[in-house]
There are 2 protein chains.
Amino acid sequence: MTSIKDVAAQAGVSVATVSRVLNSHPSVSPDARTRVLAAVDALGYRPNAVARSLRTDQTRTLGLVISDVLNPYFTELARFVEEEARALGYSVIIGNADERPELQDHHVRTLLDRRIDGLLVSPADGDSPLMADVARAGTPMVFVDRWMPGVDVPVVRADGRLAIRDLVAHLHALGRRRLAIIAGPAATTTGNERVEAFREALRAYELTLPDAYIGQGDFQADSGRRVTERFLALPEPPEVVFAADNLMALGALDAIRAAGLRVPQDIGLAAFDDIPWFVHTAPPITAIAQPTGELGRAAVRALVDIVEGRSPQSVTLPARLVVRRSCGEPTSDKRSNL
Amino acid sequence: MTSIKDVAAQAGVSVATVSRVLNSHPSVSPDARTRVLAAVDALGYRPNAVARSLRTDQTRTLGLVISDVLNPYFTELARFVEEEARALGYSVIIGNADERPELQDHHVRTLLDRRIDGLLVSPADGDSPLMADVARAGTPMVFVDRWMPGVDVPVVRADGRLAIRDLVAHLHALGRRRLAIIAGPAATTTGNERVEAFREALRAYELTLPDAYIGQGDFQADSGRRVTERFLALPEPPEVVFAADNLMALGALDAIRAAGLRVPQDIGLAAFDDIPWFVHTAPPITAIAQPTGELGRAAVRALVDIVEGRSPQSVTLPARLVVRRSCGEPTSDKRSNL
DNA sequence: CGGAACCGTGGAATCGATTACACGGATGAT
DNA sequence: ATCATCCGTGTAATCGATTCCACGGTTCCG
């Protein structure tokens, strides 16, 4: 590999001058500048980012630790994060935690060892002492989608409260009364929040959420299947199942099919997190869509703000209900949306 | 940040000794070892990977440049790649090319600047001088899924030839004769190959593939939609549309629905690349499944082989047909599979 | 008993960049 | 004319690790 020394030799200047040209430092003569540029070109020289990082103590790299890359919601989020980071001159290293706390910690440690400039995390679990330490140590950090109570860093997320209220209104208008939810892990903030918002929305219609109608899932398809099977085995099964994420909705759909029931005639289904495939399932699934692009961009901007010495605020964006046909044929309440 | 010097001071030894302990070099006294380990623990010291990389000229990092992360096939591939790499002690940096050659080159350059130890690429386009240069320069490199003719590096991929023949047999048995294909970009190897394999398989049944039945797609959903619309507008539209990847199949499904046609009664649909969602579409889609896990693992192993001085072979694994209901109700030929 | 072999250790060079500091020459002010 | 200022440049220190080499002290063998 050609180094800055080779360029200096070729151009007949010192390495300092080469470095100055490369970093567009003002005090370089036009003559020296052209000679250096010519040498760079001739040798096909590219600065060694590793050496540069060691010296400057910055890598222009962001770490993104995500709970599950196979979840289309997170894949999309990751894509937007990379896009915005690139626009701001940063690279992104993604770590997939696979919803496993120890894998999450592994990635955080590896990223820190590589001296990334900042960390974007969607925590898999509510209790990671490592994460708290890292935040306390002053590593630039931002939570996205999920967060950890007690860890004082900005949070970028979507608020589903209103959308969930809209969903319940929609279900109520369709005459559905017995509504069940497949919750996320209790340890995640999004897990709890969605249950609470759901319960609250039901209360507005004087409906209750019995324990039997709260299934404990883990944001993976399999758990959605298991929970739904239990719902269906109830003496009085729910009329609609609301899954707290798209993967569990998929599992629920499986279980419903396996039981020989039809959606929406026999049972309704709705999901948190909208994804392109929901348009193509049979029937298309009613879902709550998060503004993924905005979320990813805002998260990166907040993180880069910290890295560059500014102090960003937390950001909360609204999610919105997308009505399709999985809870019943849209009727009057659909029209009232117009 | 605490450095090796701090540890040395705390333990009362030289930095050389600390380094030896950390790299489990044999000649260190047990006494020194314990003191160093104690100091490491007390200070919470973690070696600076950047400095280490500069000195040793290896980063224990692999670069993965992928044509489109939002394509579930590649997402899955990326996941397995990371998994295997981690098992082998490497990290992975993913670059998403979004099917854009210039973005692909950008990522390759960035990764090289970071001095990754090896490069795993699924090229977006058939003609990248940069890629050829990089390979010629001796950078450890492996192609996965797609490759570039003329660039001499190992290729890890699935061969769909047999599976495509099985698909055509299946369609033929169902009485389908007018078969069309939505091809991938001509510049990608997988793009061409699948068309050729399809044409060849048709020949075995004395069927032809007229030009009007070959649509030019770009592996994205939109192109699948456009091509299918054109197919449907033909005086004699095809009886089955075979999409060369899952995203284009999705677009095709859209177009078919929009035209008010039913699958499989009015027209059949099949896809290359099987994904979990195909089970849940209406109807479930017949697809050709690649052994993604094996592909990802084999690619990493081949790359690490090169990095560590061995000389791996190219790997070709068979894809296989997964019959569902999108081409017609399975009849006798289904049973013959048992 | 003397020299060779070996072991644990530290000093210092090194990787490839950035950057503080010094220096010589030109310019400008008085 | 003289001195301060400024500009372009080079020398060398530095970032945090690894590793070659040398050195002093044992141990071993003849």
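Where a number appears in this text, it was derived from the coordinates with a stated rule and is not lab data. Since we're looking at a predicted model, the values are computed, not measured. As a convention, Cβ positions derive from the backbone with ideal geometry for all residues, glycine included, and neighbour counts pool all protein chains shown.
Of B:V144, B:V156, B:V15, the residue with the greatest mean-square motion in the GNM of chain B, using alpha carbon springs below 10 Å, is B:V15.
B:W147: net charge of surrounding residues, Cβ under 11 Å, Lys/Arg +1, Asp/Glu -1, itself excluded? So the surrounding residues net to -1.
Sequentially through region B:231-240, phi angles give Karplus couplings (6.51, -1.76, 1.60; θ = phi - 60°) of 4, 5, 7, 5, x, 10, x, x, 8, 9 Hz, Gly and Pro residues having no value and appearing as x.
Other residues with beta-carbon under 14 Å from the beta-carbon of A:L295 carry, at +1 per Lys or Arg and -1 per Asp or Glu, a net charge of -3. Taking the Cα centre of chain A as reference, the dipole from Cβ charges on Lys and Arg (+1) and Asp and Glu (-1) amounts to some 820 debye.
Inter-copy label distances at B:D6, using a point 7 Å along Cα-to-Cβ, come to 3.7 nm with the shortest given first. Each other copy holds its own label point for B:P276; taking that point as 7 Å from Cα along Cα to Cβ, the gaps run 1.7 nm, nearest first.
Could you work out which residue, out of B:E99, B:E229, B:E308, moves most in a Gaussian network model of chain B, that is, has the largest mean-square fluctuation with Cα springs under 10 Å? Looking only at B:E99, B:E229, B:E308, the largest GNM fluctuation is found for B:E308. Taking every residue in A:46-53 and counting other chain Cβ atoms within 10 Å of its Cβ, the average works out to 6. Rounded to the nearest 10 degrees, the angle from helix B:246-258 to the longest Cα principal axis of chain B is 40 degrees.
Each other copy holds its own label point for A:E196; taking that point as 7 Å from Cα along Cα to Cβ, the gaps run 6.1 nm, nearest first. What the phi angles of region A:152-159 give under the Karplus curve with 6.51, -1.76 and 1.60, with θ = phi - 60°, is a coupling list of 8, 9, x, 10, 10, 7, 9, 9 Hz, glycine and proline written as x. Considering only alpha-carbon pairs that sit under 8 angstrom and 6 or more positions apart, the relative contact order computed for region A:4-58 is 34 percent. In this structure the amide hydrogen of B:V144, modeled in the peptide plane, comes within under 5 Å of the amide hydrogens of B:V121, B:S122, B:V156, none closer than 5 places in sequence on its chain. Taking each DSSP H run with n ≥ 4 as -39500 (n - 2.57) and averaging over every residue of chain A yields -13500 deg cm²/dmol at 222 nm.
Sequentially through region A:209-214, phi angles give Karplus couplings (6.51, -1.76, 1.60; θ = phi - 60°) of 10, x, 4, 5, 9, 10 Hz, Gly and Pro residues having no value and appearing as x. Enclosing the Cα atoms of the protein assembly as shown in their convex hull gives a volume equal to 203 cubic angstrom per residue.
Globularity index of region A:139-274 is 1.07 (Cα radius of gyration / 2.2 N^0.38 Å, N = number of residues). Count the net charge of all other residues whose Cβ sits under 10 Å from the Cβ of B:P123, scoring Lys and Arg as +1 and Asp and Glu as -1. So the surrounding residues net to -2.
Closest approach of a chain A Cβ to the axis relating A and B (residue, whole Å): A:A282, 1. Principal-axis analysis of the Cα atoms of chain A puts helix A:292-307 at an angle of about 40° to the longest axis.
When the Gaussian network model of chain B links Cα atoms closer than 10 Å, the mean-square fluctuations of B:P283, B:P47, B:P185 top out at B:P47.
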